[in-house]
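Structure record follows, encoded as structure tokens.
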Amino acid sequence: MNNKVSNLLIILLLGFLIGGMFYLFQQYKVVESDQVALSGKLEKTKAKLSNVNDKLLRLDYKNKQYDVQINSLRQAMSADRMGLGLKRVKAFALNIRQNQGTDLQPVGVLFQNALVEVVDTSNPIWYKVKLSMDGLNPVKKYKYTVKYANSEGQTVANIQKQFLKDGNLENGPYYYLHSSYLSERTIKVDKAPSNPSNPFVYGLLFFDDNIKKVLEGQIWSNMKDELFAKGYDGIKVVPAYRKTFIDDVNAGKYDAVESSPGDFISANKNGTFMKAFAKTVNKVDNSTSYSGIIIVNRNSGINSFEDLRGKTIYARSEYSESGYRYQKYFLKKFYDIDIEEDANVETGFGHQEVLLRVAKGEADAGFCGDFVMTTTPLYQFQWYTKKAGVVLETEEQLERMRDSVKWLRMDDAMPEIPNNPHSIKKELYNDRQFVDKLRKTMIKTYNEYKEEFGLTTAITAEYEQLREFELE
């Protein structure tokens, strides 16, 4: 009898172990996603997962291995397990969407720990939520938005004025949020010392109070011992301004800083003060670089770069890598065209505005980033439609605008521009353990808590090629 019981227990135990292994295999070893970006797209493809780290999945597919960004895959695997009910926002600032996508202008943003009610999880990436303005008080009004706080004075949301009517969301209460930035629990952020006498100063080109709070807490929590060992008694995350960036770097204002690629190179013109250790990743398409392009109106008579002589060209600004410097360097080097002498160049236009005005025929040609022809969503163009005198309300109208211009290709002759670098003082960079830990902390924090942009590894050599574009 005892032997039968023992055998039965062994069988049950083996069954449990086999079942558990099968569960783990299903959960962690097979990935199913609507699309996986390899050389193209894999539609609803299953691929074996052989390795995972904070950034990449290594997929075995058709006897080949591919390293791919994990953002969409991780969301597809885990999002629908959260369920309905009240959830907290865990991102620095999470966009409130009008539909299940990124094509329309966000209604506004919800800040970390804002409470929402999830009512539909049928789309594992975009959760349908119910939002209420009850109990929220407007605490600050800006030109286009209104900031709201709860009864405890905590900032909860920043809402676009155009979506408000009599203090309520005009088309509410149902909207969509990116599911992977919701949490079952309140997100606790460690606090760094409030008034350090010698803080580690981290400058951000894209700064806001929410990023400041989270980064200060995360860096201090993960690196307080390393910071103390180097004489720092706290950390301060501060804005980095383009107009004063070079002087600020030369004055030693930042221990680490995010900057534009061109500003990073210009600041190191007379010596290497800062070394790149990370760069931004666009989570929409996982891109880590971009380029400048030249677009021309189809009716302008411009069919070659030589035809740009004497023409009116709209551009971003003299300091823009993709909206001026890139094109200026290319035309001078390969066609001996000095745009300041041989063409009528006007600056001060946004990248999207350049496309709209060239498409309208207001300018013969334009300098802008390649993203305006590819990944830039409709709503970002709509910021400029009234200013440019263009009607742009649908994706079809945007595509017609894009079709009304020609793209003069420079791709074969010019390198891609790496995305914004995060750099650190040279003397700190030489401590590889210190910089490696800072890099891992920044990458993990951005990838987990920032909706639109993440971070990945970078080195200074990636940016050296940009020295040729520098304006003297």
For segment 389-403, take each phi angle, set θ = phi - 60°, evaluate the Karplus expression 6.51 cos²θ - 1.76 cosθ + 1.60, and give the result in whole Hz per residue in order, putting x for glycine and proline. x, 10, 8, 8, 10, 10, 4, 5, 5, 4, 5, 5, 4, 5, 6
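Based on other C-beta atoms within 10 Å, arrange Leu204, Leu84, Leu355, Leu455 from fewest to most.
Leu84, Leu204, Leu455, Leu355
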Roughly speaking, what is the centre-to-centre gap between segment 212-275 and segment 132-198 when only Cα atoms are used, to the nearest Å? 28
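Over all alpha-carbon pairs in segment 72-229, figure out the percentage whose distance exceeds 18 Å.
Values: 7819 of 12403 pairs.
Cα-Cα pairs in segment 72-229 separated by more than 18 Å: 63 percent.
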Considering amide H positions built from the backbone, and no H for Pro or chain starts, which residues 5 or more places from Ile235, or on another chain, come under 5 Å of its amide H? Phe200
Treating only Lys and Arg (+1) and Asp and Glu (-1) as charged, each at its beta carbon, one finds that segment 287-375 has a dipole about its Cα centre, in Debye to the nearest 20, of 240
By count of other Cβ within 10 Å, fewest leading, how are Arg242, Arg439 ordered? Arg242, Arg439
Each residue of segment 131-144 in turn: what ³J(HN,Hα) in whole Hz from Karplus with 6.51, -1.76, 1.60 and θ = phi - 60°, glycine and Pro shown as x? 10, 9, 8, 4, x, 9, 10, x, 10, 7, 10, 9, 4, 10
Beyond 19 Å, what percent of the Cα pairs of segment 346-472 remain? 63
Dipole axis of segment 292-408 (+1 Lys, Arg; -1 Asp, Glu on Cβ), positive-most option in Leu355, Tyr319, Ile339: Leu355
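Classify segment 348-422 as rounded, prolate or oblate, taking a ≥ b ≥ c as the square roots of the eigenvalues of its Cα gyration tensor: rounded when a/c is under 1.5, otherwise prolate if a/b is larger than b/c and oblate if not.
Details: a/c = 1.82, a/b = 1.48, b/c = 1.23.
Here segment 348-422 falls in the prolate category.
Of Lys230/Lys437; Lys213/Lys440; Lys243/Lys333; Lys128/Lys444; Lys87/Lys165, which sit over 21 Å apart, Cα to Cα? Don't jump to the answer; show the numbers that get you there.
Values: Lys230/Lys437 14 Å; Lys213/Lys440 18 Å; Lys243/Lys333 28 Å; Lys128/Lys444 27 Å; Lys87/Lys165 26 Å.
Result: Lys243/Lys333; Lys128/Lys444; Lys87/Lys165 exceed 21 Å.
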Would you mind computing, in nm to one decimal, how far apart the modelled labels at Glu152 and Ser291 are, each placed 7 Å from Cα along Cα→Cβ? 5.1
Hydrodynamic calc, segment 273-380: Kirkwood Rh from Cα pairs, then Stokes-Einstein at 10 °C with viscosity 1.306 mPa s, so D in µm² s⁻¹ is 109
On a 28 Å Cα-Cα criterion, which of the cross-link pairs Lys188/Lys283; Lys90/Lys387; Lys140/Lys253 come out too long? Lys90/Lys387; Lys140/Lys253
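Could you line up Asp285, Asp263 from fewest to most neighbouring Cβ atoms inside 10 Å? If you can, show how the numbers build up before the last one.
Working: Asp285 11, Asp263 20.
Ranking Asp285, Asp263 by Cβ neighbours within 10 Å, fewest first, gives Asp285, Asp263.
Laboratory data are not the source of any read-out in this text; all were calculated from the coordinates shown. Keep in mind that what you see is a predicted model, and the values were worked out from it rather than measured. Backbone-built Cβ (ideal geometry, glycine too); neighbour counts: all protein chains shown.
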